[in-house]
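Novice: Structure below; questions to follow.
The values are calculated or read from the model by the stated rules, or taken from the named source; none is laboratory data. Since the model is a prediction, treat every value here as computed from it, not as a measurement. Cβ: placed from backbone, ideal geometry, glycine included. Neighbour counts: every protein chain shown.
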């Protein structure tokens, strides 16, 4: 059974079995598992919406663009669960994360120090003014 | 390889004239002095502050007596707090040509510039007599720093530098990694690599100090570009950065300006000691590179995913690009394309060996990409440090 992150395949246009079979055979693996204990995988070539991720024998269409180096869930992850990369925790999930879903600052927070983003900075300056 | 022998026994891979402004008010005059010589190994360095600071003094003292430096001209406005005569005496004691220009005494901007340029001409003649001797890999001090990191940094360029670091350490060189704020989350793993029992608690203390310092500042050593590049948390960035240290045992902890007493792998502690009072410990990558050079680094291995273009005065910066998409955009600024690991173009081991060979070629005189493009950045700030504790250095 497909994970809840997968949109209705009817919404996926420009999708062809031939094209994806070709891509699977002719491109290096798109996802890298850095450690056997990891629950996230690293995207090693930027993926566009509707391309297919291959995870645990399942094909999961990409929802939003996944730039090179970004992470996706290797399995469903619950709120508060540790995110494991390089075999060590890199923070905790702040939302339910489905298999294949993008894992980033919107659903993962540091257990040490808050992550500072440019959007936060501009809001800070607006408030000051 | 050949090197320039200095009176303290260290050997340089470059023979640079350093022109040093001792306060921001002398910066323009110093820059003008350097201008006609900018492609002749005459580099501009300096410190902006008017008020004295022991760390800033030590940084300039170490930079001016770095083995890559053959002569030094100090440029003072005249009223700043920097102890210029003590610095001049220390440099002269090493046998290097050194002199001091005081703009207020010299008669202003133009006279100081003319005087400074004449001095450089004569210093360059004297520097031609520097003894040239054999230079071995075991003479090298190599630093590493990452800047403009993204999530590819920790899977290509950083582990490849780690492999090169292992080889440098195995061949007797000193290798220095730094940025204790970017080791937050890795402290236990790192302490397990201490070469001596007494060093392990010091490594933990070092990261604990960084965590406290950054917590007081409100956020970690994490730029918005890091998140755009796929890094989500400080711990994730730390794990990626930590790979640069390779797998050798850690021989000791240094603070800015401490020269490694022997070969081996060292952690450079860059977070000030004492209460939080000097602002951000690493205001930018250039300042971090400067601290590595003050520890005697002949070259700095700079890994980048987002794509930094920086270089440095005094010691060459070798840039290793982690991200193949970035490499295609910024290839003229890069020395090594580690991103091809992700595209099946090379293995981690091949890129590690390429980095090692590149260092040997740059140490033999080949300009790095940033050197060839004329990069000579330098930034020295206010900080304060206690000396390293017992147990931090090999005996």
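Novice: For region B:187-211, give me each residue that is out of contact with any helix residue (DSSP H, G or I) (no Cβ under 6 Å at 6 or more places or on another chain) and either over 18 Å from residue B:275 (Cα atoms) or within 11 Å of another protein chain (Cβ to nearest Cβ) (or both).
Specialist: Matches in region B:187-211: B:188, B:189, B:192, B:193, B:195, B:196, B:197, B:198, B:199, B:201, B:202, B:211.
Novice: Quick one: which of B:261, B:281 is within 18 Å of residue B:180 (Cβ to Cβ) and either in a loop (DSSP other than H, G, I, E, B) or at pLDDT below 95 (or both)? I'd like the intermediate steps shown before the answer.
Specialist: Values: B:261 fails: within 18 Å of residue B:180 (Cβ to Cβ).
Among B:261, B:281, only B:281 is within 18 Å of residue B:180 (Cβ to Cβ) and either in a loop (DSSP other than H, G, I, E, B) or at pLDDT below 95 (or both).
Novice: Does residue B:259 fit the bill of being touching a helix residue (DSSP H, G or I) at 6+ places or on another chain (Cβ under 9 Å), more than 14 Å from every other protein chain (Cβ to nearest Cβ) and surrounded by 24 or more Cβ atoms within 10 Å (Cβ to Cβ)?
Specialist: The answer is no for residue B:259.
Novice: Take residue B:238 and tell me if it is farther than 30 Å from residue B:61 by Cα and more than 14 Å from chain A (Cβ to nearest Cβ).
Specialist: no
Novice: Further question: Specify which of the listed residues (B:342, B:330) is more than 26 Å from residue B:63 (Cα to Cα), more than 18 Å from the chain's Cα centre (by Cα) and modelled with pLDDT of 95 or more.
Specialist: Matching residue, one of B:342, B:330: B:330.
Novice: Does any residue of region B:295-303 turn out to be within 14 Å of another protein chain (Cβ to nearest Cβ) and at pLDDT 95 or above?
Specialist: Yes, there is a match, as at least one residue in region B:295-303 is within 14 Å of another protein chain (Cβ to nearest Cβ) and at pLDDT 95 or above.
Novice: Within region A:13-33, restricting attention to residues that are more than 12 Å from chain B (Cβ to nearest Cβ) and surrounded by 12 or more Cβ atoms within 10 Å (Cβ to Cβ), which residue is modelled with the lowest pLDDT? Explain how you work it out, then say what you get.
Specialist: Here is the first cut: in region A:13-33, the ones more than 12 Å from chain B (Cβ to nearest Cβ) are A:13-25.
With the extra rule that they be surrounded by 12 or more Cβ atoms within 10 Å (Cβ to Cβ), the set shrinks to A:15, A:19-20, A:23-24.
Values: A:15: 42, A:19: 45, A:20: 46, A:23: 46, A:24: 47.
The selected residue is A:15.
Novice: Evaluate the following for residue B:170: is it within 14 Å of another protein chain (Cβ to nearest Cβ), touching a residue at least 24 places away in the same chain (Cβ under 8 Å) and either under 23 Å from the mean Cα position of the chain (by Cα) or over 28 Å from residue A:67 (Cα atoms) (or both)?
Specialist: On the way: within 14 Å of another protein chain (Cβ to nearest Cβ): no; touching a residue at least 24 places away in the same chain (Cβ under 8 Å): yes; either under 23 Å from the mean Cα position of the chain (by Cα) or over 28 Å from residue A:67 (Cα atoms) (or both): yes.
For residue B:170, the condition - within 14 Å of another protein chain (Cβ to nearest Cβ), touching a residue at least 24 places away in the same chain (Cβ under 8 Å) and either under 23 Å from the mean Cα position of the chain (by Cα) or over 28 Å from residue A:67 (Cα atoms) (or both) - is not met.
Novice: Is there a residue in region B:305-314 that is assigned to a helix (DSSP H, G or I) and either within 26 Å of residue A:69 (Cβ to Cβ) or within 14 Å of chain A (Cβ to nearest Cβ) (or both)? Steps first, answer last, please.
Specialist: From region B:305-314, those assigned to a helix (DSSP H, G or I) are none; that's our starting set.
No, region B:305-314 has no match at all.
Novice: Mind telling me which of the residues B:105, B:61 ends up being out of contact with any helix residue (DSSP H, G or I) (no Cβ under 7 Å at 6 or more places or on another chain), in a helix (DSSP H, G or I) and in contact (Cβ under 8 Å) with a residue 24 or more places away in the chain?
Specialist: Result of the check over B:105, B:61: B:105.
Novice: Restricting to region A:34-52, give me the number of residues that are farther than 24 Å from residue B:306 by Cβ, in contact (Cβ under 8 Å) with a residue 40 or more places away in the chain and surrounded by 14 or more Cβ atoms within 10 Å (Cβ to Cβ).
Specialist: Total meeting the criteria: 1.
Novice: For region B:39-50, indicate whether the set of residues that are surrounded by fewer than 18 Cβ atoms within 10 Å (Cβ to Cβ), without any contact (Cβ under 8 Å) to a residue 12 or more places away in the chain and more than 24 Å from residue B:382 (Cβ to Cβ) is non-empty.
Specialist: No, region B:39-50 contains no residue that is surrounded by fewer than 18 Cβ atoms within 10 Å (Cβ to Cβ), without any contact (Cβ under 8 Å) to a residue 12 or more places away in the chain and more than 24 Å from residue B:382 (Cβ to Cβ).
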